[in-house]
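The values are calculated or read from the model by the stated rules, or taken from the named source; none is laboratory data. Predicted model only: the values in this text are computed from it and were never measured. Note that each Cβ is placed from the backbone with ideal geometry, even for glycine, and that neighbours are counted across all protein chains shown. Side chains included, ligands, DNA and RNA excluded: accessible areas come from the protein's heavy atoms. Shrake-Rupley method; radii C 1.70, N 1.55, O 1.52, S 1.80 Å.
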2 protein chains.
Amino acid sequence: MRIHTDLTPTGTYRDVVVLIDVLRTCTVAPLLFERGLTELALTPSLRSARAAAAEGWLLLGERQGVPAEGFNFGNSPAEIAAIDLSGKRAVMVSENAPRWLPQVADAKCVLLGSLYNAAAVGAVAAAQAQESIDLVGSGFEGEPDLDDALGAGLLAALLGERLPTAARSGATRFALSLLRAFPDPMEALWQSVAGHYLRRVGLERDVAFAARVSASRVVPQLVGRQPGAGSAPLYLFAPAADPG
Amino acid sequence: MRIHTDLTPTGTYRDVVVLIDVLRTCTVAPLLFERGLTELALTPSLRSARAAAAEGWLLLGERQGVPAEGFNFGNSPAEIAAIDLSGKRAVMVSENAPRWLPQVADAKCVLLGSLYNAAAVGAVAAAQAQESIDLVGSGFEGEPDLDDALGAGLLAALLGERLPTAARSGATRFALSLLRAFPDPMEALWQSVAGHYLRRVGLERDVAFAARVSASRVVPQLVGRQPGAGSAPLYLFAPAADPG
């Protein structure tokens, strides 16, 4: 077993891949299911998302940190934590995690991970993996960012407890050193480029929400694709079974 | 002006690029000139290096941390600090920084940087750059490592003092956050994968040497290429003029 880390995606992935976007998509995704959502689609294509919305899906997400015109809700966990989504289905479009889905979607098992669902992701990933677990940061505008690097470090630490004999790549050890350097995850999120961005647009509450470690047991797992109207399909996610 | 950071090389570079290898090649390179060396060649090709040695160049470097057979000296700054190289020329082969030279060598100005010569590299880079400075880590076995990420953070901080209006990329801000997280650079080098490796082979002294910040004013700059006998040429370095 090998635990590998990419601060942003490189190459392709085969076995279990955890796509990490702490601020904010992979914090929001488990939360949506906690709020009662039954189906979640992610897509990097605004056109595909709008077409799904025309068929009755709620439209969630952001362009440059805030909801775009016609969106039902933004990408704000602090906002979504207060709404009831029972029985609804939603399509979410945002700028960091979804752009990488075409690159990671061919792996055997694709999970969405953050600090918020870290322990549960560790449990599912360790149970599912046959040969390797790739911890893949979404970064910010294509570059590595501290929030996701810290998330990779936390997941690597949790996986290390479950898979003590797994080999850890150099970048995994790098991520673990960040976890030690930032004993308070809030500090790392606050300093990240994404965190600065959110603070500038008045969304400090989202940074605080995303710093809650292992508060959710929901692990969104890729379960299928559906053709989209735009340049990318809809990637369909459902909660993975909790291996306990 | 734009300051960009790659924790390992991606793409190509145009203007000023600082290739960073704190443990150990870019710490050793300035030291060699301090010890009197007149000409330094780097190459990733052991065969090219051996051919140069057959023509009278000293052969320096390592394979897996220690000098290979027939090498005059290893890649150990603690060792090299004690020898007199007056009037000599040397070819150095090692596993991290040299492998990237074919990728970075077409930039207008290629410098070798580390903690050891950081202030001087900042001065030369700021004086030479027209549009951009790329801080490029060598990493360890192709993956990002903490020693070079910290080096990039230190160089970014020093460049920020000289070029206060320069734009800083996301990864540059990531590197700066590491610099703040590790106020004692020794701690970061100690935790890096390269640092672990050196400690395991008994070279703790090299980690300590490489943690000396801005102790050297020598900035090795790429000045030419010479055909090699192996798969890669010799890349020739000489000290850049100190802009003061």
| Looking at the stretch A:1-50, which of its residues are under 29 Å from A:GLU131 (Cβ atoms), open to solvent by 10 Å² or more (accessible area, probe 1.4 Å) and part of a loop (DSSP other than H, G, I, E, B)? | A:MET1, A:LEU7, A:THR8, A:PRO9, A:THR10, A:GLY11, A:THR12, A:TYR13, A:ARG14, A:PRO44
| query | Going by the conditions given, is B:ALA215 under 23 Å from A:SER169 (Cβ atoms), more than 14 Å from chain A (Cβ to nearest Cβ), touching a residue at least 40 places away in the same chain (Cβ under 8 Å) and within 17 Å of the chain's Cα centre (by Cα)? | reply | no
| note | Only one of (1) more than 14 Å from chain B (Cβ to nearest Cβ); (2) in contact with a Pro (Cβ under 8 Å, 6 or more places away or on another chain) does not apply to A:PHE174, and that is (1)
| request: Working carefully through the options A:ARG162, A:ARG173, A:ARG168, A:ARG89, find the one that is open to solvent by 10 Å² or more (accessible area, probe 1.4 Å) and closer than 22 Å to A:PRO67 by Cβ. | output: A:ARG89
| field | Checking B:GLN64 against (1) at positive phi; (2) open to solvent by less than 60 Å² (accessible area, probe 1.4 Å); (3) modelled with pLDDT under 95, the condition it does not meet | value | (2)
| Under the condition of being among the aliphatic types (A, V, I, L, M) and touching an Asp or Glu at 6+ places or on another chain (Cβ under 9 Å), which residue from the stretch B:191-202 is farthest from the other protein chains (Cβ to nearest Cβ)? | B:LEU198
| said: Looking only at helices (runs of 4 or more DSSP H) that lie completely in the stretch B:80-195, which have at least 1 residues being polar (S, T, N, Q), at pLDDT 95 or above and more than 25 Å from A:ASP145 (Cβ to Cβ)? | reply: B:118-128
| said: Looking at A:LEU158, A:LEU236, can you tell me which residue is away from every other protein chain (no Cβ under 14 Å) and over 30 Å from B:ASP6 (Cβ atoms)? | reply: A:LEU236
| field | Qualifying positions in the stretch B:130-155 - open to solvent by less than 10 Å² (accessible area, probe 1.4 Å) and either free of Cβ contacts under 8 Å to residues at least 40 places away in the same chain or away from every other protein chain (no Cβ under 14 Å) (or both) | value | B:ILE133, B:GLY153, B:LEU155
